[in-house]
Amino acid sequence: MIRKEDIIVQLYSDVVTIHIDGDSYTCLDKDGKGVSIDLDAVNTEFTKQGYKDKRAAEYPSVVDQLDDIYHNGIDAWKATIKTTKDKYPKS
């Protein structure tokens, strides 16, 4: 599951510590100095990457995917996965 903290670290590589208080984020660098973040940008990217959680919830388990490959081949497995990828495209 993608979290806003993950997005903050993706967008602000100097952030190493994040303190959360409700909807407030205090971000610190390796020296403990505050790092200013644009929460609107974080929220936009969080929404944009929401497809990842939707896909993960809908994909068959790894065991079922391997069973599908064994019994039906790679092309059939790709078709199964493509259905979910098409349903939840990257934004």
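The values are calculated or read from the model by the stated rules, or taken from the named source; none is laboratory data. Being a predicted model, the structure only gives us computed values, none of them experimental. Don't worry about glycine lacking a Cβ; one is built from the backbone with ideal geometry, like all the others, and counts go over all protein chains shown. With ligands, DNA and RNA removed, areas are computed over all heavy atoms of the protein, side chains included. Shrake-Rupley method; radii C 1.70, N 1.55, O 1.52, S 1.80 Å.
A Cβ distance below 9 Å, combined with a sequence gap of six or more or placement on separate chains, defines the contacts here; from region 29-54, residues that are closer than 19 Å to residue 88 by Cβ reach residues that are open to solvent by 50 Å² or more (accessible area, probe 1.4 Å) and small (Gly, Ala, Ser) in the pairs 47/91; 48/91; 49/91; 50/91; 51/91.
Looking across region 1-28, the residues that are touching a strand residue (DSSP E or B) at 6+ places or on another chain (Cβ under 7 Å), of a type in the set (Val, Ile, Thr) and without any contact (Cβ under 8 Å) to a residue 24 or more places away in the chain come down to 15, 16, 17, 18, 26.
Here is a yes/no grid of residues against (1) of a type in the set (Phe, Trp, Tyr); (2) closer than 30 Å to residue 80 by Cβ:
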residue: 8; (1), (2): no, no
residue: 14; (1), (2): no, no
residue: 21; (1), (2): no, no
residue: 25; (1), (2): yes, no
residue: 28; (1), (2): no, no
residue: 35; (1), (2): no, no
residue: 43; (1), (2): no, no
residue: 51; (1), (2): yes, yes
